[in-house]
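See structure below.
None of the figures in this text is laboratory data; all of them are computed from the coordinates on show. Computed from a prediction, not measured in an experiment: that's the story for all the values here. All Cβ positions, even for glycine, are placed from backbone atoms using ideal geometry, and neighbour counts span all protein chains on display.
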Ligand code: T5A
């Protein structure tokens, strides 16, 4: 089974995905927890470039780097894990490209759908959980985490304008409305335990999880 977690910055994806992994492992499932960008060796190099560079990346060049990360990740990490019967939990995947490079950067969404299809060899998640909250709440969580860690640098994409992140959120809402069978919106404003329980309730929907 292949489950992806999506949402705006600071929505709580990484927090929820760790809780879901622990819960599924406690039931005896073999779980691969991975992420984009950065889920493969090549991806870790690309992540450093994509999120850390101070270069002015052209949107098309940025897109190609995300797609290269995804192609390598699917071919070398995700598909082999699925073939071994593992549950793959992935922090961001193809929907992030639609929301960020499409809705927020303004690249053509239909073309992005085609390019995602090529990069993934048509691998579509069984379930996608979009953790949803107002962007300013998510950005405030990221800023608080950064302050706790004593770091002062924002990531290249975190540092985009609020209206950019609002467009990302609208993108995720559109994806959820267009594909209600695969994509579920989870309210991520409540405490972490409540958000985790909502994620697990979606995963436990009849017919999806049978480990
Ligand atoms: N990107 C990615 C694209 O543009 N195109 C693409 O195709 C892809 C794949 C990735 C960036 O790349 C972009 C999107 C991103 O900008 P990243 O560092 O992986 O960068 O960024 P995020 O995925 O956004 O990760 P974040 O860590 O910023 O957000 P998360 O994972 O959603 O949030 P999390 O769990 O780390 O939580 C943030 C803070 O909030 C607290 C946590 O403890 C933490 O301190 N928190 C809560 N607080 C209160 N209540 C809750 N329910 C909470 N849940 C978590």
query = So how do 117, 132, 148 line up by other beta-carbon neighbours within 10 Å, fewest first?
reply = 148, 117, 132
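If a/c stays under 1.5 just call it rounded; otherwise compare a/b with b/c (prolate if a/b is bigger, oblate if not). Do that for region 134-197, with a ≥ b ≥ c from the square roots of the Cα gyration tensor eigenvalues. Present the calculation step by step, with values, prior to reporting the outcome.
Working: a/c = 2.99, a/b = 1.45, b/c = 2.06.
It is oblate, given that a/c is not under 1.5 and a/b is not larger than b/c.
Tell me what the chain gives for mean residue ellipticity at 222 nm when only DSSP H runs of n ≥ 4 count, each as -39,500 (n - 2.57), the sum divided by the residue total, rounded to 500 deg cm²/dmol. Please report the intermediate quantities before stating the final value.
On the way: 8 runs with 102 residues, N = 211.
One gets -15000 deg cm²/dmol as the mean residue ellipticity at 222 nm.
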remark   = Footprinting proxy, 193, 45: sorted fewest to most Cβ within 10 Å, the residues are 193, 45
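Taking Cα pairs under 8 Å and at least six residues apart, what relative contact order does region 134-211 come out at, in percent?
Numbers: 21 pairs, mean separation 14.4, N = 78.
Relative contact order, region 134-211: 18 percent.
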request  = State, to one decimal in nm², a quarter of the convex hull surface area for the C-alpha atoms of the chain, i.e. the direction-averaged projected area.
outcome  = 11.3
Stokes-Einstein diffusion coefficient of region 98-211, Kirkwood radius over Cα pairs, 20 °C, 1.002 mPa s, in µm²/s = 133
inquiry  = Please compute the volume of the convex hull spanned by the alpha-carbon atoms of region 35-124 and report it per residue in Å³.
reply    = 84
